[in-house]
Structure formats: structure tokens, C-alpha cells
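Participant: Structure incoming, see below.
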Amino acid sequence: MESPEELVAVSDPGEVGSEEHNRGDRFVVQLSNIAAWLFPILMLAITAQVILRNSGMNQAWLDDLQWWLYGAAVLMGVGYAVTTDSHVRVDILYDGFPREKKTRVNIFAIGWLFLPFIILSWDVTYDYALSSVRADEGSDSPNGLHNLWILKVFMNLAFVFIGIACWSAIVRNVSRLHPPKLWRQMWSAFPATFLLINLTIYYCLYGVMSLLAEEGATSRDIARGPAFGELEFGNYEITYTVIAALIVTPILILVLRAMDSSRKTGA
């Protein structure tokens, strides 16, 4: 007979390990439970379109709606899977690891591999969404769903949601080994921390350069300014913002660690 934990994992994975969930985990689970209603709506949309199409009353907007619903539901489901640890694993050795080793694998996999990809995806889709808003992008079909920019903006925001799920999972896993101090969280997700700091430096610098730019300068002109130049290292070129982030990130982690140590000493 299946254990209560196994039964809950099938019926409601969000309740598995809920006693360890932090505020970020609970936020992800609650929002995902609401987003789960997109799936029955999607089923109704598919069924309705099949019936209407066979009746000679094809509705192009229903085809578009299906992709909208499917895309939104899947993106929200990624964050839910990270929080509930219900994603598909291809590591055949993982199940045999002791709890501590599983925790370290989770920290490395999420903080050093997956979260950096999510941050890069957010950065790429940010301009993608803005361009769609500026163009007031709509459906390719005259009878389709217009305001396609809504879906593209949602996609960009969904990566923020997944990022919250990833960071909350890192905090939860770190807390199994040590007190989850901020510097430990940042080190546990060092590549992601570096990317966040790099993007912060880049967009802050871009904002300043936009204010100082000559009238009529385009975004491409600003991004090609001297502030965004590169240094050559052999056959490689590294932008100034990346170099700044490589310097700032370890310094910030060390400063936070030193502050934590000083508080312990003072106590």
C-alpha cells in the first residue's frame, strides 16, 4: 500500500514537504494552484474548436486562445515543479543519495545551472516583450486574438515567477545544511548572483547614458557607447559591465559574510 506521502504527492504535490516551505515557496504554490485552472479552460477551448470546426464554423481566435492558455499554464507549471520537486529527473543515481548529498545536488543544479538560464531568458524576452508592446502586435489571422503583446509580456513576467521559485528553493535547501544567511544564498547561486549584478549594472548604466545621450539617439546607439566597451583578453572580449560584475560579486559576498561574522562576535 502506498504511504500517505506518496498519495499526497500524486493528489497535491504542493503539500509535500510543506512544513519546510518559506514565504516564496508558499507564494509559488498558491499562485500555481490558481493557474492550474487554465488547464480545464484549455480543454474546453480545444473541445469547442473541434466541434465548431466540424460544424463548418471554425473560430481562429479559439486556435490562438489555445496557444495562449497552453503557454501560460506551462510557464507557471515550471515554477511549481521547482518548488514541489515534481519535475522529471534524468539522474539515475540521485534516488540512492543520502539526504545531505541530495540537498547539495539540488543547490548546485538550481543555483548554478537552472537559475542562470532563467535569468538569461528573462533578459532576452524583456526586449522581446517591449518590442511587441511598441508595435501593438496582434494575431496573424484577421479573426484571431489581437494584443499578442499581452502573452509576450506575461512570458517575461513568468520568468520572474520561475526565478522566485528557484531562489526560494535555494533558500530552503541551504537551510537544511546551514542558517540561510544572505551571503550563503548568493554563494549557493553564484552564477545567478553574478548575472543579476551584471544586469543591474548594465541597466543602471544604460539609464544614465539615456539621460545624457544626444537628442535622437536610438537605443542601439546608446548600447554601443564607450561605457559599454570591451577589453580584449587574447582571443576573447569582455565588456566593462561583465568585468565590473566579476569584481563586485565576490566583494559583496565577502562583505556580507564579514558583517555576519562581526554580528556573531558582537553577540
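The values are calculated or read from the model by the stated rules, or taken from the named source; none is laboratory data. Source: prediction; values computed, not measured. Please note: Cβ atoms are built from the backbone with ideal geometry, for glycine as well, and neighbour counts cover all protein chains shown. Ligands, DNA and RNA are excluded from the accessible area calculation, which covers all protein heavy atoms including side chains. Shrake-Rupley method; radii C 1.70, N 1.55, O 1.52, S 1.80 Å.
Participant: Carbon-plus-sulfur fraction of the accessible area of the chain, 1.4 Å probe, in percent?
Facilitator: With neighbouring chains kept in place, the figure for the chain is 65 percent.
Participant: Here's a follow-up. Taking R0 as 22 Å, what FRET efficiency do you get between Ala213 and Val160 from their Cβ-Cβ distance, rounded to the nearest 0.05?
Facilitator: Numbers: r = 28 Å, r/R0 = 1.27.
Once rounded, the FRET efficiency stands at 0.20.
Participant: Find, to one decimal place in angstroms, the Kirkwood hydrodynamic radius of the chain, where the mean of 1/r is taken over every pair of different Cα atoms and then inverted.
Facilitator: Working: mean 1/r = 0.0456 Å⁻¹.
By the Kirkwood definition, the hydrodynamic radius is 21.9 Å.
Participant: Another one. Once you wrap a convex hull around the alpha carbon atoms of the range 59-138, what is its projected area averaged over all directions, in nm²? Mind showing how you got there, number by number?
Facilitator: Details: hull surface 29.0 nm².
The directionally averaged projection comes out at 7.2 nm².
Participant: Using modelled amide H (1.01 Å from N, peptide plane; none on Pro or chain starts), what sits under 5 Å from the amide H of His146, excluding residues fewer than 5 places away?
Facilitator: Residues meeting the criterion, in which the H sits 1.01 Å from N, are Ser139.
Participant: For a quick size check, give me the Cα extents of the range 179-267 along its three principal axes, largest first, whole Å.
Facilitator: Result for the range 179-267: principal-axis Cα extents of 57, 34, 18 Å.
Participant: May I pose another question? Pick from Asp25, Asp140, Asp91: which residue has the top mean-square fluctuation in a GNM of the chain where Cα pairs under 10 Å get a spring?
Facilitator: Asp91
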